[in-house]
Amino acid sequence: MTNKRIQKKRRSLPQAGFTIIETLMAVLVLSIAMAGSLALAAKGLGLIQVARQEVSAVYLAQDAMEYIKGVRDTNCLVGNSLLTNCTTTTWLGAARSLGTRCGDSAGCQIDTLTGDVSVCPAAGCAALNYDATGAFYTYSGVSSVPTAFVRSVYIQTPVGGNADEASTTVLVQWSGQGGVTRSVRIHDDLYNWQ
């Protein structure tokens, strides 16, 4: 009789709580939701890094283009009283000979801090270095660290027989995440403004 009472009590107890399978399923659903949001966050961080590199590359390309424009303007202003007669041979660089050095198919590299212009070897231009103490990019420097950015400058003159025009292209390339080669190209047609 006592045995029957125990069985009766067991049947009449209300079912409360979760079974182990329900608990495991809830944990699985939460894990999938968390994994998806973490993957999305990781992808976002990777895209931030790519955007940061692209902004740096655009600045490096613009830096070289502005340097070339500065050389053009300086060559026309220096030694010409009252801005008279900026000749075809001097406007792009009697001093730095940008037209001849950068006109090769390999291009040239311009260190905008030192003013050094050198023809790139057939294998390609050297990578820029970053100097953290001065927060600038250069090809030289004692405390500079090599970067992934390679800047090449191409100047074609004369353009279509016009010696007062130069087709100028600055190309900055770098190896991004996953070894993907990325690049930024800036092109401008420069003219002898005299």
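Compactness of region 118-187 was expressed as the Cα radius of gyration divided by 2.2 N^0.38 Å, which yields 1.36. For F136, the residues whose amide H sits under 5 Å from its own are D131, ignoring neighbours fewer than 5 places away on the same chain, with H placed 1.01 Å from N.
Based on the Cβ-Cβ distance of A132 and S37, what FRET efficiency does E = 1/(1 + (r/R0)^6) give at R0 = 41 Å, to the nearest 0.05? The partial results should precede the final answer.
On the way: r = 35 Å, r/R0 = 0.85.
The value I calculate is 0.75.
Extending 7 Å from the Cα toward the beta-carbon at both I48 and V159 defines two label points whose distance is 4.0 nm.
Calculate the all-directions average of the projected area of region 98-144's alpha-carbon convex hull, and give it in nm².
Values: hull surface 13.3 nm².
Projected over every direction and averaged, the Cα hull of region 98-144 covers 3.3 nm².
Go ahead and run the numbers for FRET between A123 and Q62, Cβ-Cβ distance against an R0 of 35 Å, rounding to 0.05. Show your work: numbers first, answer last.
Values: r = 26 Å, r/R0 = 0.73.
E between A123 and Q62, to the nearest 0.05, is 0.85.
Every number in this text was worked out from the coordinates using simple rules, so none of it is lab data. A quick note: this is a predicted structure, and the numbers were derived from the prediction, not measured. Every residue, glycine among them, receives a Cβ derived from its backbone with ideal geometry; neighbour counts consider all protein chains shown.
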